[in-house]
Amino acid sequence: MSMLEVAGLGHAYGGVDAVSDVSFVVEPGELVCIVGPSGCGKSTLLRCIAGLLPPTRGTVSLHGDRVVGVPSDLAVVFQDYSRSLLPWRTVAGNVEFPLRDRGLSTVERRSRVEEALSWVGLSEAAGKHPFELSGGMQQRVSIARALAYRPALMLMDEPFASVDAQTRADLEDLVLTVRASAGMTVLLVTHDIDESVYLADRVLVLSQSPATVVETLKVDLSSP
Ligand code: ADP
Ligand code: ADP
């Protein structure tokens, strides 16, 4: 069964279509990138898939079940890091908090927090609060939180937009490593075609607004 099935999805803001008739499936373990020009409707599409925005038309299904509300086996990394962390919790607390839904022991939760913060190079910042960190560091905390959670499906909206080039390259490789070891399925939105070709098994290319899938590229790095 497919991990994710999007069928005839559309979303309109006040009668104006932002996403129009998008259909695709993502198989378990795949890393699929969605690329398209700025403003074409990528974030809107991702928010519909995450259950944060009700589709105006069409359906989203996870493991064959229609998504209504926010599914529990899903994590989202937003582009807008400033709104994604809880300001009153420490960095470690932000990474740990969602793990309380995962049925993990205190010891397991602590070890996942330590591991994820070390992955993103923020072990030293565990006891700090988000406002004490730069934007790029806050974004790394969001990524650590999502990776520590190890959802069946990870949704990422321009996750590396606010970090420098070296960190971006490190984080891209981190996502590839963790998804392979945890068997995660990843759907990642970017406007950067090079990034999508580097990361993805498959790239969905969206049209100008209102977004619809115009092409699907299979990325096969094994061929010359
Ligand atoms: P992208 O992520 O590709 O940049 P968005 O999904 O953010 O595109 O936006 C798609 C279109 O929907 C744009 O024209 C944008 O102005 C519009 N839009 C996005 N969010 C809202 C909103 N909350 N209310 C009204 N229009 C919106
Ligand atoms: P908050 O003030 O946001 O509640 P805490 O600092 O009390 O956050 O930490 C919440 C949880 O995060 C702790 O119960 C623990 O499991 C985990 N945690 C805290 N500090 C660390 C750390 N340095 N390394 C790993 N896990 C930590």
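Mean residue ellipticity at 222 nm from the helices of the chain, using -39,500 (n - 2.57) per DSSP H segment of n ≥ 4 over the full residue count, to the nearest 500 deg cm²/dmol? Kindly include the intermediate steps, with their values, before the conclusion.
On the way: 6 runs with 68 residues, N = 224.
Only helices count here, giving -9500 deg cm²/dmol.
Please label the shape of the chain as rounded, prolate or oblate, based on the square roots a ≥ b ≥ c of the eigenvalues of the alpha-carbon gyration tensor (a/c under 1.5 means rounded; beyond that, a/b larger than b/c means prolate, else oblate). Please list the in-between numbers first.
On the way: a/c = 1.61, a/b = 1.48, b/c = 1.09.
It comes out prolate by the Cα gyration axes.
Rank Thr167, Thr106, Thr212 by mean-square fluctuation in a GNM of the chain with C-alpha springs under 10 angstrom and give only the top-ranked residue.
The residue with the greatest mean-square fluctuation here is Thr106.
Figure the gain on full extension for Val107 and Leu86 (residue separation times 0.36 nm, minus the Cα-Cα span) and round it to one decimal in nm. All intermediate terms of the calculation are to be shown ahead of the outcome.
Details: separation 21, 0.36 × 21 = 7.56 nm, distance 2.23 nm.
Taking 0.36 nm per residue and subtracting the Cα distance, the gain is 5.3 nm.
Working out 0.36 nm times the residue gap between Arg57 and Ala165, then minus their Cα-Cα distance, what length gain in nm do you get to one decimal?
Details: separation 108, 0.36 × 108 = 38.88 nm, distance 3.83 nm.
So the extension gain works out to 35.0 nm.
Using a 1.4 angstrom probe on heavy atoms only, work out the carbon and sulfur share of the accessible area of segment 169-224 in %.
Working: 1520 of 2800 Å².
Reported share for carbon and sulfur atoms: 54 percent.
Students sometimes get this wrong: rank Lys42, Lys128 by accessible area, probe 1.4 Å, all chains present, largest first. Please list the in-between numbers first.
Numbers: Lys42 15, Lys128 90 Å².
Ranked list, largest accessible area first: Lys128, Lys42.
On average, how much accessible surface per residue is there in the chain, in Å², for a 1.4 Å probe, leaving out ligands, DNA and RNA?
Details: 10410 Å² over 224 residues.
That works out to 46 Å² for each residue.
Nearest 10 degrees, 0 to 90: what angle lies between the long axis of helix 135-149 and the longest principal axis of the chain (Cα atoms)?
90
Calculate the spin-label point distance for Asp201 paired with Ser118, positioning each point 7 Å from the Cα along the beta-carbon direction, and give it in nanometres.
Modelled inter-label distance: 2.9 nm.
Which residues' amide hydrogens lie under 5 Å from the amide hydrogen of Val76, considering only partners 5 or more residues apart or on another chain, with H built in the peptide plane?
Residues meeting the amide H criterion: Leu155.
Got a number for carbon plus sulfur as a percent of segment 77-151's accessible area, 1.4 Å probe?
Working: 1900 of 3820 Å².
It is 50 percent, rounded to a whole number.
So how tilted is helix 106-119 from the main axis of the chain? Cα-based, degrees 0 to 90, rounded to 10.
Orientation of helix 106-119: about 70 degrees from the principal axis.
The values are calculated or read from the model by the stated rules, or taken from the named source; none is laboratory data. From a predicted model like this one, the values you see are computed outputs, not experimental measurements. Reconstructed Cβ throughout: ideal geometry from the backbone, glycine too, with neighbour counts over all protein chains shown. These area figures cover heavy atoms from the full protein model, side chains too; ligands, DNA and RNA do not enter into them. Shrake-Rupley method; radii C 1.70, N 1.55, O 1.52, S 1.80 Å.
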